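Below: the structure, in structure tokens.
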Amino acid sequence: MIEDISKIDYQEVIEYALNPLIVHTDPKILYVNAAAEAFFKGSRNDIVGASPLDIFQERSKSAIDKRIQSAYDAPAEVIEETIFKLDGEKVDVELYCHPVFIGNKKAIQTYVTDISERKKTEMKQQLMTKQINELSATLVPLLKGIAVLPLVGEIDTICASQLFQLVPEKANSKMLIA
């Protein structure tokens, strides 16, 4: 038997969502859930009524405004953007928005996902890859099929994994492996 879900209280569903959710229209924020209050470090009174464009960097506002306008007709692609919390802290996020109706009026619901940790990890991996590439350029051949790779600093599991991937490729390209 399929249950009738048409009686679900939509506001209750989004209120208890773990991700920050914002509902906005005519560039005015109409609603934020508790997760959005915590994420943006402000109360609903501080957020509701403001323009959703207020959280974006100046250089992004025009593109975001166009994106918002197109989202009234169809869900928008997920994008990565840097936004501001109410205390001025910059944070990297993924944004996904789609149209919703409030009565007969179109609005947009936006999902905000903090990707700051992922971005830090990606930057760390890029730095490690660069360092490994620089180090692997210094493979010191000793005998046919034997070389030494000088390593400096701490080697964690991510770095070790990259070493196991990149060093053999570099050794092959330098024809050090017999």
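Quick one: what pairs do we get from the range 11-32, first residue farther than 15 Å from Q69 by Cα, second among the charged types (D, E, K, R), C-beta under 7 Å, 6+ apart or different chains?
V32/R44
Might you check whether a residue that is in contact with an Asp or Glu (Cβ under 8 Å, 6 or more places away or on another chain), hydroxyl-bearing (S, T, Y), part of a helix (DSSP H, G or I) and closer than 28 Å to V91 by Cα occurs anywhere in the range 147-167?
no
Working only within the range 97-140, note down all residues that are assigned to a strand (DSSP E or B), free of Cβ contacts under 8 Å to residues at least 60 places away in the same chain and crowded, with 17+ Cβ neighbours inside 10 Å.
C97
Within the range 1-58, track down each residue that is out of contact with any Leu (no Cβ under 8 Å at 6 or more places or on another chain) and among the basic types (K, R).
K7, K28, R44
Every number here is computed from the coordinates shown, using simple stated rules; none is lab data. Computed from a predicted model, the values in this text were never measured in an experiment. Cβ: placed from backbone, ideal geometry, glycine included. Neighbour counts: every protein chain shown.
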